[in-house]
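See below for the structure under consideration.
Rule-based calculations on the coordinates, nothing more; no lab input. Note that the structure is predicted; figures quoted are calculated from it, not measured. Quick reminder, even Gly has a Cβ in these numbers, built from the backbone with ideal geometry, and neighbours come from all protein chains shown.
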Amino acid sequence: MILLSAYCAVLLSFASGLLALMMHQRQTLSAISEYGFNKLFTRNVHCRSWINKNLEERRFPVFLKQAVFVLLGLSGVFAVIAGLAVLLGKGVITDQIALGLPWLPWHIRFDGLSGFFFLIIGIAVCAVSLYGPGYVRTYKENEHPFAALGLFTGLFVTGMLLVLLADDAFMFMIAWELMSVASYFLVAFQHENPANRRAAFLYLLMAEVGALSIILGFGVLASFSTGFTFDALREANLSSTWASIAFVLALLGFGMKAGIVPVHVWLPEAHPVAPSHISALMSGVMLKVALYGLIRFCFDLLGDVQWQWGVVLLILGTVSALGGILYALMQPNLKRLLAYSSVENIGIIFMVLGLSMIFMANGHPQLAALGFLAALFHAFNHALFKNLLFLGAGIIHHQTHELNIDMMGGLIKKMPQTSALFLVGCMSISSLPLFNGFVSEWLAFQTALQVDVLDNGVLRSLIPVAAAALALTAALAAACFVKVFGLIFLGQARSRNSEKAHEVRDKGMLAGPALLAGLCFFIGIFPGVIIHLINNVSGQLLEHTLPNDSALGWLWLAPVSAEQASYSPPLVLIGALLAAGVCYWYLRRSPLTVMRRAETWDCGFGGLTPRMQYTSSSFTMPFRRIFAKTWIIDEQIKKDLQGAMDQDVAAVHYQLHIQDHSWPRLYQPIAQGVNNLARQVGRIQTGNIRTYLGYSFATLVLLLWVIS
Amino acid sequence: MNWLIAILQTTLFVVLAPLLAGWLKMCKCHLQNRKAPSLLQPYRDLLKLTHKQPVVSEQASWLFIAAPYLIFSATVLAASVVPLIAVNLPTSASADVIVMVGFFAFARFFLALAGLDIGTAFGGMGSSREMTISSLAEPAMLMAIFTLTMTASTTNLSGAIAHVLNEGLILRPSFVFALFALILVAIAETGRIPVDNPATHLELTMIHEAMILEYSGRHLALIEWASQLKLMLYGVLIANIFLPWGIAETFDAKDLGYGLLAIIGKLALLAIFLAIAETLVAKMRLFRVQEYLSFAYLLGLLGMLSHIILEASR
């Protein structure tokens, strides 16, 4: 039954993709329906008139788009059901499908870990399918055909779900490639812009290099085992060197997809150019699938984790978290900023996962379960709020036709609902108490503080430093999202477009983000719900759960023990409401002190214009100065001088370019190396047929010699 | 009963905060050969502000009006977590020290947004600077706090204080480092000299004041009160974590009375030190604050390392 709903989720998303292909088949469809009615049920008049009405030329595209998204939404609902059912049932379900290689049918395995990520995908897909119909309406059919968008969205979701179900390396790679290639087409959807094509190609390139590395990782495992099924790979008996090699390969492959510094460069290129609901899926969900792959590979297939791997993950995670948020801080492009912020959040997840590995390898499985809980919880939270923020960014782009936050401002009055939803997202991602982001961060700190149980002195001093880096990351994230919300929604409009913006009319476009915002708040107040689910996952995978997650009662969150740390969001909420309510009531009771509106005071200077407001680059200027080494900053100030002896400044031109260090340091040398190598190889390609015949002859002789 | 005492303690916290500000001002005036205002002047100022009609800019959105209430209640919640006169109160179980830092972040988030809401250059400047300084101060603060929590192996403030009480007076190098780190952070976070000067409105230097320029009436009162509360909160943190003696461990009236007297005495002493420091030290340039805060971080790190190397059980 559980498996059936999982299959339903996969098939429905596939069907939604196929249905999108019917976009240009209206004639055929109406012919088929005519034929069907004549042959079969001629009596049902209502049904017939309903179908005919929807097949009319004007209504058909709208109807079809809605149908596609309804199927996608249903797929999401089934994924949620399947995920919850398997998590609560605590079972492992296996199955085989007669697809794939003749001697290797597709093995299916649906356990707690897959179920948890099914839940993540399901929620995200539900939100996106509520949002989608309104968003795709702006695309002109002849420029951006819906058939392509719908087909690849369906395939993309199918691929992600299949990755989670896979129980052999072969099916895993097929599904993985389906996911990568489908998302490549989605990134390249608006291909008329050369920058988008370049971004898409970069994405494809990195996805394929990553996939190769994963295949090699599986290959290392498979060479020590009897087959390609995960069961066989689990049995593989690796020496610690080979296990480490497999780990490094898997880390490279999955890390490339997840966006770990320094292999993150595709993220900030690809996410801004895809349609917003696709970037929401890619950033919120696809990165999590990469995380799933890594967890499956390390904790499940490799089995015995080594503490050195944990240290590698911890360091990489810390670097990614700090690097991601520092780069995000400097971005004026909203979607690019969000993409960099994904790098940060994935970094946090990797960091905590590294802690979990360190505890696991040092024989503290319960603390490992705590770290694992924090990592998965943060993955879940990130999926919620990053999806929310990307969908919000989509609404803003839809209404203002801008992505540059320096061109926005004052939208809180024009788009009150969007701004409230976006505020929830910003508060969650800045990990403020009462919202979900805070809970996972709190758990991460609690994990790091358990370092006293370790024997290794280096680890004991390394982990608190990482925790302090996490604190810095959180504080920078708060600064970053104060900037985002403050510049987009507050202040005065900085451009005509944002002055004329108004609230989005499509209810679905608000319903999708509202669903996610509601979940962000609900889970922030009642985190026990998700913690209970994750405990089942860690029970299956690590064979240990948290010691007493409900020692104080369900209101409290006490992951280690009640004496060590506890947090009770419902009580905090009650306290906050009490305090705010009392002072609100007390201070506003006198009618003499009713609020009065007046002109902005501004220290009495007057003449305030929108151009006097702080912009993105001025807001982040102190950071730019303090952390100057982190970026390649190219700041140019040019003055137009005029008058006698060039004394007066007529205009000042300011240019600021901020670049990632990884391009000149890592990628350009590699690209140059490849080019040089190609040039060397090019020397033997003379273009002369006789030379080529000579090569063939030499090869033939060589091969004959080898055979004999 | 316990909840009642907890609520009472929080109320006491809120009520006493302006008194501390008045006392601090008094000490400073005496040190600078000025005539001091009455000890109760901050109360009078707050009362005056609540009786005035608040004037709000036409540009302001709902966030600007809601922010003072949010800031105040977040600070009150932070205060409810910190043991003032007694330990083992139920409120400290509902939130630990990391949540307390979270409450500060919550208040700061809305303060910075309120600064950006009107769209003045001053507001943006204040928000930008505040977020910069706080993002540097937060790791330093957590480093100092982690040193403490690792020694006491709990992040519950009440539990940590009880641990220090039970251990008795032991000179721990880690605590000395952490104390200094926390003092430096406290000065930065509460906007005192040398990081920020609460008594000035000079445009080049102001941070906290720049964000709240547009506030008036009860909104201003709430924000002022919240910042007084924050000052007292850091004072209580420093006094009660590092010198917890005197705090009530049982809930009978005598112990609570002694607890109250002890904390008033400790805070009065701390305020005198702060006043002397503020009189002797000049305000720093904004871009030297990073050096100051990285020094605080370094102290916290040293504290942590000395805990790990010198004091930990193995």
Completion exercise
TM-like helix rule applied to chain B (DSSP H, alpha carbon span at least 27 Å on the long axis, mean Kyte-Doolittle at least 1.6) gives B:62-81, B:97-117
Handout entry: Loop-resident sites, the range A:7-86, for chymotrypsin sites (Phe, Trp or Tyr not before Pro), counting at most 16 other Cβ within 10 Å (DSSP)
Key = A:PHE41
Practice task
Please name whichever of B:TRP62, B:ALA36, B:THR75 sits farthest to the positive end of the charge dipole of the range B:23-87, dipole taken about the Cα centre and charges placed at Cβ: Lys and Arg +1, Asp and Glu -1.
Solution key: B:ALA36
Problem - Label-point separation in nm, A:SER223 to B:ARG44, each point 7 Å along Cα→Cβ - result: 8.6
Exercise for the section: Treating only the Cβ atoms of Lys and Arg (+1) and Asp and Glu (-1) as charged, compute the dipole magnitude of chain A about its Cα centre; round to the nearest 20 debye. Expected result: 1860
Problem - Per-selection metrics, the range A:533-692 (Cα): Rg and Dmax in Å - result: 32.4, 102
Practice task
Would you please give the residues with an amide H less than 5 Å from that of B:VAL56, counting only those at least 5 places away or on a separate chain, with H modeled from the backbone geometry?
Solution key: A:ARG596, A:ARG597, A:ALA598
Exercise for the section: Step through the residues of the range A:669-684 one at a time and calculate ³J(HN,Hα) from phi using the Karplus curve (6.51 cos²θ - 1.76 cosθ + 1.60, θ = phi - 60°), rounding each to whole Hz and writing x for Gly and Pro. Expected result: x, 5, 4, 5, x, 4, 4, 4, 4, 4, 5, 4, 5, x, 4, 7
Completion exercise
In terms of the charge dipole of the protein assembly as shown, which places +1 on Lys and Arg and -1 on Asp and Glu at the beta carbon, the residue among A:LEU533, B:HIS208, A:GLY410 farthest towards the positive end is A:GLY410
Problem - Lys/Arg +1, Asp/Glu -1 at C-beta; the protein assembly as shown dipole; positive extreme among B:ILE161, A:ALA199, A:LEU314 - result: A:ALA199
Practice task
Mind checking A:463-473 for the average number of partner chain beta-carbons within 10 Å of each residue's beta-carbon?
Solution key: 5
Completion exercise
Computed D for the range B:2-311, Stokes-Einstein, Kirkwood radius over alpha-carbon pairs, 37 °C, 0.692 mPa s, to the nearest µm² per second, is 165
Handout entry: trypsin sites (Lys or Arg not before Pro) restricted to the range B:36-73 and DSSP loop, no more than 15 other C-beta within 10 Å
Key = B:LYS52
Problem - Over the range B:87-147: Rg over Rh, Cα atoms, Kirkwood Rh - result: 1.12
Problem - For A:TYR654, A:TYR695, B:TYR234, order by how many other beta-carbon atoms lie within 10 Å, fewest first - result: A:TYR654, A:TYR695, B:TYR234
Completion exercise
Ignoring GluC sites (Glu not before Pro) buried by more than 12 other Cβ within 10 Å or outside DSSP loops, the longest site-free run in chain A is A:193-542
Fill in the blank from the handout: Counting only DSSP loop positions in the range B:180-225, the chymotrypsin sites (Phe, Trp or Tyr not before Pro) whose Cβ has at most 11 other Cβ atoms within 10 Å are none
Fill in the blank from the handout: A correct Stokes-Einstein calculation for the range A:632-708, using the alpha-carbon Kirkwood radius, 25 °C and 0.890 mPa s, returns a whole-number D in µm² s⁻¹ of 131
Fill in the blank from the handout: Once the in-chain neighbours fewer than 8 apart are removed, the lysines whose Cα is under 24 Å from A:LYS39 read A:LYS53
Handout entry: A:MET173, A:MET351, B:MET131 arranged by Cβ crowding within 10 Å, fewest neighbours leading
Key = A:MET173, B:MET131, A:MET351
Problem - Cα centroid separation, the range A:233-311 to the range B:129-154 (Å) - result: 31
Problem - Neighbourhood charge, 10 Å Cβ-Cβ cut-off, centred on A:THR600 and excluding it, Lys, Arg +1 and Asp, Glu -1 - result: -4
Fill in the blank from the handout: Each label sits 7 Å from Cα toward the beta-carbon; between A:ARG597 and A:GLU141 the label points are separated, in nm, by 4.5
Fill in the blank from the handout: If each K or R counts +1 and each D or E counts -1, the residues other than A:ASP167 whose Cβ falls under 13 Å of its Cβ total -2
Fill in the blank from the handout: Expressed as a whole number, the average count of other chain Cβ atoms within 10 Å around the Cβ atoms of A:453-459 is 2
Exercise for the section: Please give the direction-averaged projected area of the C-alpha convex hull for the protein assembly as shown, in square nanometres with one decimal. Expected result: 53.4
Fill in the blank from the handout: Across B:207-213, the residue-averaged tally of Cβ atoms belonging to other chains within 10 Å stands at 1
Problem - Which of A:ASP406, A:ASP304 has the fewest Cβ neighbours within 10 Å, and the rest in rising order - result: A:ASP304, A:ASP406
Problem - Links that overshoot a 24 Å alpha carbon limit, given the list B:LYS35/B:LYS230; A:LYS288/A:LYS335; A:LYS413/B:LYS52; A:LYS90/A:LYS386 - result: B:LYS35/B:LYS230; A:LYS413/B:LYS52; A:LYS90/A:LYS386
Exercise for the section: Taking H placed 1.01 Å from N in the peptide plane, check which residues at least 5 places from B:ALA86 or on another chain put their amide H under 5 Å from its amide H. Expected result: B:ALA248
Handout entry: Fraction of antiparallel bridges per DSSP, the protein assembly as shown only, in percent to nearest 5
Key = 85
Handout entry: Cα radius of gyration and Dmax for the range A:231-325 (Å)
Key = 14.9, 46
